[in-house]
Every structure is written in C-alpha cells, then in structure tokens.
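Step one of this worksheet: look at the structure below.
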Amino acid sequence: MKKIGFAGLLLLLGTSAFAQDYSKVEISGNYSYFRFHPQNANILGNYSFNGGGGAATFFLTSMIGIKGELEGYSSIRHSFNITNPAICDSETGVCSGSAKGNLFTYNVGPEFKLRMGKFEPFAEALFGGAHSNVNGNLATGCTGCFIQKSPNNNAFDFIIGGGFDIAVSKLIAIRPVELDYVLTRFGNGFTKGNNNQSNLRYQGGVVFRF
C-alpha cells in the first residue's frame, strides 16, 4: 500500500509539474495579408492589403488565453469601372475612378491552444474595431458617382479563425500559418443598405514565449 501511495504521489506531482510547464505569455510579431471586400453588392472589386502587427496572449491555463492584437495595412491603388444608374451619372449610368487606402484593426478575445509537443494548433475569436479611409477615398475618387451616404471610417469587426505554431525552443516558436475570417461593418453609399463585409486574412510570423 505504501508503494502504491508513493507511486500515486509521484504521478500527481509529475502531472502537476507538466501542467505548469507552459508559457504564460506569448508575444507575436507578424506579416499579414488582408483581402478586403468593400461591400457585398458586387459593385466594387476586392482590395489587397499588405501589412503587419503584433499580439500578446496571456494564458490562464495551458489551453485558454486572452489575446490582444493590433494590425496595420496599406493598399495598392485600385482602379474601378461601375455600370449602375443608381449611383452613377444618370445619362450614361457609368462611373469610374481609382483609390487606395489604409486599414487598422484592434481586437481582443479568447484564444484556445493545444500543446502537442512541438506542434501547437490554436483557434481564436476576437472582437473590436477597424479604421479605414478606403471608403472615403472610393467616394471622392469616383468620377460621375452620386453617393448619398457619407462613408464611415470606423467600424465594428469580428475575427474567427486559427492556425498553428511550431516550437523551435522553449522561448521561440514559428507561426507559418494563421487564417481568419474577418467581418467588418463599414457603411457607405455602395453597400445598398448591407453594411457587412466578409474578408479573408492570412498571417505568419514569430512567437516569443515567456
């Protein structure tokens, strides 16, 4: 009985030590690609943003953490031609122009991570806001457009997705892939009342673990 009790105590201590052997804080820096769809009315094409940023995750347990994230992007100039009498010149029904812009997102929410040796898959659901001058630039950069609603540069956003980290050492991990669906709600004259924009985001970078 003493041997069984001693073995049980060793197992308990070993399990406890294993549970505590995880990083409590993870700070990441990343490159990020953002595919932005200004509206869902099939009037304008998508925009490609390139940028980057960083995040900090504070783990409450080995699997559950709270993540805060900041990302910034800049777009290339995008030309467009629109055939839509509702928003274009009443005689021709056609308008055109070009615009570029920036995008900033700031979010916080839970992150869930599995620690499977060097392979660490994770999922996240983040809430926050986004700021962009794209919609304003679209309205002012469009020749022949008649936009009734002033663009809003600030919007709510929601991010859900995940990826995986590969541990290089106890202190450093590589994040080759993170893919997220990003919902934004920018209102503008192109949306026809549907202010939801469905966007895609890729990120990759390095994670420092403490």
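The values are calculated or read from the model by the stated rules, or taken from the named source; none is laboratory data. It should be emphasised that the depicted structure is a prediction, and the values quoted were computed from it without experimental measurement. Backbone-built Cβ (ideal geometry, glycine too); neighbour counts: all protein chains shown.
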| task | Quick one: in segment 66-91, of everything that is assigned to a strand (DSSP E or B) and of a type in the set (Asp, Glu), which residue is nearest to residue 27 (Cα to Cα)? | result | 69
| message | Residue under question is residue 72, and the condition is that it be surrounded by 13 or more Cβ atoms within 10 Å (Cβ to Cβ), within 12 Å of the chain's Cα centre (by Cα) and without any contact (Cβ under 8 Å) to a residue 60 or more places away in the chain; does it hold? | response | yes
| field | Residue among 99, 86 that is in contact with a His (Cβ under 8 Å, 6 or more places away or on another chain) and more than 18 Å from residue 156 (Cβ to Cβ) | value | 99
| task | Give the residue that is modelled with the highest pLDDT, with candidates limited to residues of segment 155-196 that are over 23 Å from residue 30 (Cα atoms) and basic (Lys, Arg). | result | 185
| query | Can you pull out the residues in segment 132-191 that are surrounded by fewer than 21 Cβ atoms within 10 Å (Cβ to Cβ), in a helix (DSSP H, G or I) and aliphatic (A, V, I, L, M)? | reply | 139
| What residue, among those in segment 34-64 that are in contact with a Gly (Cβ under 8 Å, 6 or more places away or on another chain) and closer than 24 Å to residue 139 by Cα, is modelled with the lowest pLDDT? | 47
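Table: residues versus (1) among the β-branched types (Val, Ile, Thr); (2) surrounded by 15 or more Cβ atoms within 10 Å (Cβ to Cβ); (3) in contact (Cβ under 8 Å) with a residue 24 or more places away in the chain; (4) in contact with a strand residue (DSSP E or B) (Cβ under 8 Å, 6 or more places away or on another chain).
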residue	(1), (2), (3), (4)
68	no, yes, yes, yes
76	yes, no, yes, yes
82	yes, yes, yes, yes
88	no, yes, yes, yes
93	no, no, no, yes
103	no, yes, yes, yes
| So residue 97 fits all but one of (1) part of a strand (DSSP E or B); (2) over 15 Å from residue 135 (Cβ atoms); what number is the exception? | (2)
